[in-house]
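For reference, the structure discussed in these notes is given below.
The values are calculated or read from the model by the stated rules, or taken from the named source; none is laboratory data. As the structure is a prediction and not an experimental result, all values here were calculated from the model. All Cβ positions, even for glycine, are placed from backbone atoms using ideal geometry, and neighbour counts span all protein chains on display.
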Amino acid sequence: MAEVVHTPRVFSGIQPSGGLTLGNYLGALKRFGETQDQGEMPTIYCIVDMHAITVWQDPEKLRHATRALTAGFIASGIDPTKSILFNQSAVPGHAQLGWIFNCVARLGWMQRMTQFKDKAGKNSENVSLGLFAYPALMAADILVYHATHVPVGEDQKQHVELTRDIAIKFNNDYGTDFFPVPEPVIEGAATRVMSLRDGTKKMSKSDPSDMSRINLTDDADTIAKKIRKAKTDPEPLPETLDGLEGRPEARNLVNIYAALSGKAAAEVVAEYAGQQFGTFKPALADLAVERLSPISSEMSRLMQDPAEIDRILAHGAEQANAIAAPIVRRARDIVGMVGA
Ligand code: TYM
C-alpha cells in the first residue's frame, strides 16, 4: 500500500485578522524562523486569508492585514528565499482538498472543537458555515503539502489532532496511506502566552482591552507601560519554578522573559529569586523593547513597498502550488474523480 514516502516537511499558518501579538510571535513566528534556520526540513508558511473570512472582514482591512502579516513574517526572520511564504487563497488546492475533507470529517468532531465553541458562544445558529468547517480547511492546509510537522501554540493543538483524525480516516476509507499523520510541534517557554490583565486567559488580538496584549507594532513606551501595568501579585519572585504554582500572572511574565531571552524559565527564576516585580518588570520591559523594536521597524519599512510584498506572495504561491497541485490531483484520483 505504500504509495509515497512521507519526507519531513513543516507547515504552519497565521490568520490575517487584526495585528500580531507577542503570543503570535513567541508561540509561532519566532519558532518558524528557528525551524527554517535549523534547515532540517523544508518550511512552508501561510497567511490563511480563507480562514480569516470565517468571521466578517472588511475587504480593505483584510488586504492591509495580509500584507502587514507578510511583513511580520519577514521581519521575524522568515526568509522568502529559504521558506515558502504565501497566502492561502492564491493556491486553489486548499479549497479543493478542503471540500474533500468536509466530506471525510464528521459533524460530531467539529462540534467538539473548543475554539468553535468559544468563538460561536451562544450564537452558534448565526455564525458562518465556514467557521464550523474551519478545522477541515486547516487539515487541508497541512495535508495538501503532505506536511509532517506543524509548529503551533498550545491553543491549536486540538485542531492539529483533528487533522490527524482526518488523515487517518481518509486513509482508512480509501484503503491507502497517501496522507501522512502530522505531528503538532508545541515547544519552548511560551507556547501559551497569557493576557497581561488576567493570567488565566490567552493573550489574544481579539481581547477588547489593548492593555491585555503587546502588539508587534507597539512602540517602546507602550510596551514598557503595558508591562509596568501588567497584573501581578504582591509576592517576590520565588527561588524555584515550583514557587510559581497558583501564580498565573507571575508565571506568565517569567515565561515571556524566558522565551525572549532564550533562557529556561528555571534559570530566569534563579536569576531574579527574591526580587520584587518592581525590579523584574523594568528588566522585562527592556528585554521586550530590545527584541521587538527591530521587528516593528522592519515591518514598517517593508510596508512602504506593498508591490514588493505582493511579488513575494505571488512567488511563494507559485512554489506552493507546484507542491500542492500533484497532491490534489492524486487525492481526487483516489476519491474517484476524473479529469485533469
Ligand atoms: P492564529 O492566527 O490564531 O495564531 C497563529 C499562531 O500563533 C499562536 N498563538 C499563540 N501562541 C502562544 N500564546 C498565545 N497567546 C498565542 N496566540 C496565538 C497560535 O497557536 C498559532 O500557532 N487556526 C490557526 C491558523 C491556521 C493554521 C493552519 C495553523 C490555519 N491553518 C495550519 C497551523 C497549520 C489560527 O487561527 O492561528
**Asked** Which residue, of ILE78, ILE84, is at pLDDT 95 or above, within 18 Å of TYR25 (Cα to Cα) and in contact with a strand residue (DSSP E or B) (Cβ under 8 Å, 6 or more places away or on another chain)?
**Response** ILE78
**Prompt:** buried (at least 21 other Cβ atoms within 10 Å of the Cβ) and of a type in the set (Asp, Glu): does that describe ASP37?
**Reply:** no
**Request:** Just name the residue that is surrounded by the most Cβ atoms within 10 Å (Cβ to Cβ) out of those in the range 136-162 that are within 8 Å of the ligand (Cβ to nearest atom) and among the β-branched types (Val, Ile, Thr).
**Result:** ILE142
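Among the listed residues THR232, THR279, identify the single one that is part of a helix (DSSP H, G or I), at pLDDT 95 or above, farther than 26 Å from PRO151 by Cβ and not aromatic (Phe, Trp, Tyr).
Working: THR232 fails: part of a helix (DSSP H, G or I).
Just a single option satisfies the conditions, and that option is THR279.
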**Given (1) surrounded by fewer than 16 Cβ atoms within 10 Å (Cβ to Cβ); (2) more than 12 Å from the ligand (Cβ to nearest atom), index of the condition GLU187 fails** = (2)
**Message:** With the structure loaded, tell me whether LEU129 is assigned by TED's automatic domain parsing to the domain that holds THR21, surrounded by fewer than 20 Cβ atoms within 10 Å (Cβ to Cβ) and either within 18 Å of VAL48 (Cβ to Cβ) or at pLDDT 95 or above (or both) or whether it fails that test.
**Reply:** yes
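This table checks each residue for (1) buried (at least 20 other Cβ atoms within 10 Å of the Cβ); (2) over 21 Å from ALA288 (Cβ atoms); (3) assigned by TED's automatic domain parsing to the domain that holds GLU290.
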{"residue": "ASP173", "(1), (2), (3)": "no, yes, no"}
{"residue": "PHE179", "(1), (2), (3)": "yes, yes, no"}
{"residue": "THR200", "(1), (2), (3)": "no, yes, no"}
{"residue": "ILE214", "(1), (2), (3)": "yes, no, yes"}
{"residue": "THR217", "(1), (2), (3)": "no, no, yes"}
{"residue": "ILE223", "(1), (2), (3)": "yes, no, yes"}
{"residue": "ARG247", "(1), (2), (3)": "no, no, yes"}
{"residue": "ILE256", "(1), (2), (3)": "yes, no, yes"}
**Request:** Could you give me the residue pairs with C-beta distances under 8 Å whose first residue belongs to the range 273-291 and is assigned by TED's automatic domain parsing to the domain that holds LEU237 and aromatic (Phe, Trp, Tyr), whose second residue is buried (at least 16 other Cβ atoms within 10 Å of the Cβ) and in a helix (DSSP H, G or I) wherever it lies, and which are 6+ apart or on separate chains?
**Result:** PHE277/ALA250; PHE277/LEU253; PHE280/LEU253; PHE280/TYR257; PHE280/TYR272
**Request:** Go through (1) surrounded by fewer than 19 Cβ atoms within 10 Å (Cβ to Cβ); (2) closer than 25 Å to VAL328 by Cβ; (3) within 13 Å of the ligand (Cβ to nearest atom); (4) of a type outside the set (Phe, Trp, Tyr) one by one and return the number of the condition THR114 breaks.
**Result:** (2)
**Message:** Looking at the range 6-54 only, could you name the residues that are β-branched (Val, Ile, Thr) and either at pLDDT 95 or above or closer than 19 Å to VAL91 by Cβ (or both)?
**Reply:** VAL10, ILE14, THR21, THR35, THR43, ILE44, ILE47, VAL48, ILE53, THR54
